[in-house]
Amino acid sequence: MTLIDRRFRERIVLVGVVFPWVSGASVEAGLDELALLVGTAGADVVGRVVQRRQSPDPATYVGQGKARELHELAETVDADTVVFDEELTPAQQRNLEKILGRTAIDRTAVILDIFAQNARSQEGKAQVELAMLRYRLPRLRGRGSQLSQQAGGIGTRGPGETQLEVDRRRLLRRMTALESELRHVAATRRTQARWRERSRQRTVSLVGYTNAGKSTLLNALTDAQVVVADRLFSTLDPRTRRLALPGGEMVLASDTVGFVRKLPHQLVEAFRSTLEVVREADLLVHVVDGSAADAESQIEAVRDVLGEIGAQDVPELLAVNKADRAGTAAAQLAAGHPGAVVVSARTGAGLDALVRAVGDRLRAADTVVDLVVPFERGDVLAAVHREGEVVAEEHGEGGTAVRVVLDEAGRARFAGYVAATPGGRGADGA
């Protein structure tokens, strides 16, 4: 059954809880985003409930009384599923389903469902299946005959859905096989990364909140012809294309999976090999939707995920996108982030400034170094010309004196040929 016909779309009630350490505005924003996620998954929101509590109820998250109220509301609006904005424990999920008389799931299940629908490549499907199995594994305990979920709705589709019908041992065996497959993919990526490092091929990764326009921007910069869709998480597999900088240098630009608030840790773990593209980049172009009402919180959410995958120290250039929609709001957002560039990937406005800024940021990591290369080491001199920008070259008594702009890797490679400073010693200690 497809969810194209609205008569057969799931009807969803959303639930958010305001705790003393969480603001009401934050919860409302989270529910707004959850509504978008539910719509992307192919369902309709027919009700919305916000509760205030001092702490989560261990048994039902919202408490017995509120759970019974949710049951009455779900009956009134004929809802199929109740979706909670925070992750539920397996026990809470089971208890809620008994009281509600219908499926109870959380934000994590919705996001996993969207990823399952969008996975296209073999790697992407394996990553999503592994994430789903990691999420479902603890929920298999004690469910017995209740294990079957035949409705085919959010949280039950996608790769690995039949694993809900098999025993725990077979599920673990499947997870082990997927982890082995993804480790092989990760090893291949590391080999490619070492090749890029040896060839000194610079890499730039486009990161940002989901639906911020990263794929559209990659198309505009490189004519990549990546399929673009105005929906959340339409890009799961990284796409890499060559980008020419104003100085004539060529860099590799990669589009990556979009981030979102409270991105499930199962997905972060499963997509870790894919996200290595981000961690190993020379520069991150952080694309933000300038027309979004909560653009600042989206920026912080992306940076939180970057920290989680170990990419917090990679240099970042903020690109405020969708200037054609945002108007003055885009400029105001950029003004609060020194060095940010305002662009419109759709109209092309600001793209030249963005490319110049990328080149400037990459060159800022370079340093002018004086080298002395012996005449008999013509291979070294040729390598210096390949890997750096030679500013001056002069033949002297001890060899060829070269003044060259090198990045950190280049400086390390040619450290043994650094010219001795007056009154000091060379970088190699000679």
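The values are calculated or read from the model by the stated rules, or taken from the named source; none is laboratory data. If you're wondering where the values come from, they're calculated on a predicted model, not measured in any experiment. Cβ placement follows ideal geometry from the backbone for every residue including glycine, while neighbour counts extend to all protein chains displayed.
Among 303, 279, which is the only one that is surrounded by fewer than 20 Cβ atoms within 10 Å (Cβ to Cβ) and under 21 Å from residue 239 (Cβ atoms)?
On the way: 303 fails: under 21 Å from residue 239 (Cβ atoms).
It is 279.
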key: Cβ-Cβ under 7 Å pairs, at least 6 apart or on other chains, region 344-359 side farther than 16 Å from residue 214 by Cβ and without any contact (Cβ under 8 Å) to a residue 60 or more places away in the chain, far side hydrophobic (A, V, I, L, M, F, W, C) and not in a loop (DSSP other than H, G, I, E, B)   = 349/323; 353/341; 357/317; 357/341
remark   = How many residues of region 72-122 are touching a residue at least 40 places away in the same chain (Cβ under 8 Å) and within 12 Å of residue 62 (Cα to Cα)? The answer is 4
message = Would you confirm whether or not region 92-102 contains a residue that is touching a Phe, Trp or Tyr at 6+ places or on another chain (Cβ under 6 Å), crowded, with 18+ Cβ neighbours inside 10 Å and in a helix (DSSP H, G or I)?
response = yes
query = If you scan region 332-368, which residues turn out to be farther than 19 Å from residue 207 by Cβ, of a type in the set (A, V, I, L, M, F, W, C) and part of a strand (DSSP E or B)?
reply = 368
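For region 332-343, check the following and say yes or no: at least one residue is in contact with a Ser or Thr (Cβ under 7 Å, 6 or more places away or on another chain), buried (at least 16 other Cβ atoms within 10 Å of the Cβ) and not hydroxyl-bearing (Ser, Thr, Tyr).
No, the conditions are met nowhere in region 332-343.
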request  = Under 7 Å between Cβ atoms, at least 6 apart or on separate chains: pull out the pairs that start in region 380-408 with a residue that is on the phi > 0 side of the Ramachandran plot and end on any residue that is surrounded by 14 or more Cβ atoms within 10 Å (Cβ to Cβ).
outcome  = 399/372; 399/373
key: Breaking point among (1) in a helix (DSSP H, G or I); (2) assigned by TED's automatic domain parsing to the domain that holds residue 289, for residue 412   = (2)
ask   = What number of residues within region 385-412 are in contact with a helix residue (DSSP H, G or I) (Cβ under 8 Å, 6 or more places away or on another chain) and modelled with pLDDT of 85 or more?
value = 3
Hey, residue 350 of a type in the set (Gly, Ala, Ser), surrounded by 16 or more Cβ atoms within 10 Å (Cβ to Cβ) and under 30 Å from the mean Cα position of the chain (by Cα) or not = yes
task = Keeping to region 223-245, report how many residues are part of a loop (DSSP other than H, G, I, E, B) and at pLDDT 85 or above.
result = 1
remark   = Note on region 315-331: residues touching a Leu at 6+ places or on another chain (Cβ under 8 Å) and either surrounded by 18 or more Cβ atoms within 10 Å (Cβ to Cβ) or in a helix (DSSP H, G or I) (or both) are 316, 317, 319, 320, 321, 326
inquiry  = So for region 47-65 (the condition being over 27 Å from the mean Cα position of the chain (by Cα), buried (at least 17 other Cβ atoms within 10 Å of the Cβ) and within 20 Å of residue 112 (Cβ to Cβ)), does at least one residue qualify?
reply    = yes
